[in-house]
Amino acid sequence: MTAAVLAMCARRRAELASRNSAYLHGLLRERQPGFLAALRAAERQIDLELSCEAAGIVEPELDEP
């Protein structure tokens with residue numbers, strides 16, 4: 001496979017993942033809003049951790065109660 005084909009496949013997978021996520025969030029918004037809020041909080045936390053990791057920022061781990 002060429003680089004262009006691989007890039008096209010990656011874009012397609014990202015597009016499908018985005019659509020699936022939007023669909024799931026829509027269902028949860030209607031049927032389980034509390035769970036959706038928890039899911040969004042977890043997504044934000046993961047995004048923050050990944051962006052810090054990519055930037056080389058190391059945060060101390062907190063002990064869970």
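Of L50, S18, F35, which is farthest on the positive side of the dipole of the chain, counting Cα position, with +1 on Lys and Arg Cβ, -1 on Asp and Glu Cβ, and the Cα centre as origin?
Of the options given, the answer is S18.
Could you work out how much longer the chain between L50 and R13 gets when fully extended? Use 0.36 nm per residue separation minus the Cα distance between them, nm to one decimal.
11.3 nm
When averaged across all projection directions, what area in nm² does the alpha-carbon convex hull of the chain cover? Kindly include the intermediate steps, with their values, before the conclusion.
Values: hull surface 27.9 nm².
The number I arrive at for the chain is 7.0 nm².
With +1 on the Cβ of every Lys and Arg and -1 on the Cβ of every Asp and Glu, and nothing else charged, how large is the dipole of the chain about its Cα centre, in debye rounded to the nearest 20?
That gives a dipole near 700 debye.
For the chain, modelled as a GNM with alpha-carbon contacts under 10 angstrom, which of R19, R31, R11 fluctuates the most?
R11
Computed from the coordinates by the stated procedures, all read-outs in this text should not be read as laboratory data. As the structure is a prediction and not an experimental result, all values here were calculated from the model. Counting neighbours? That spans all protein chains shown, and the Cβs are built from the backbone with ideal geometry, glycine included.
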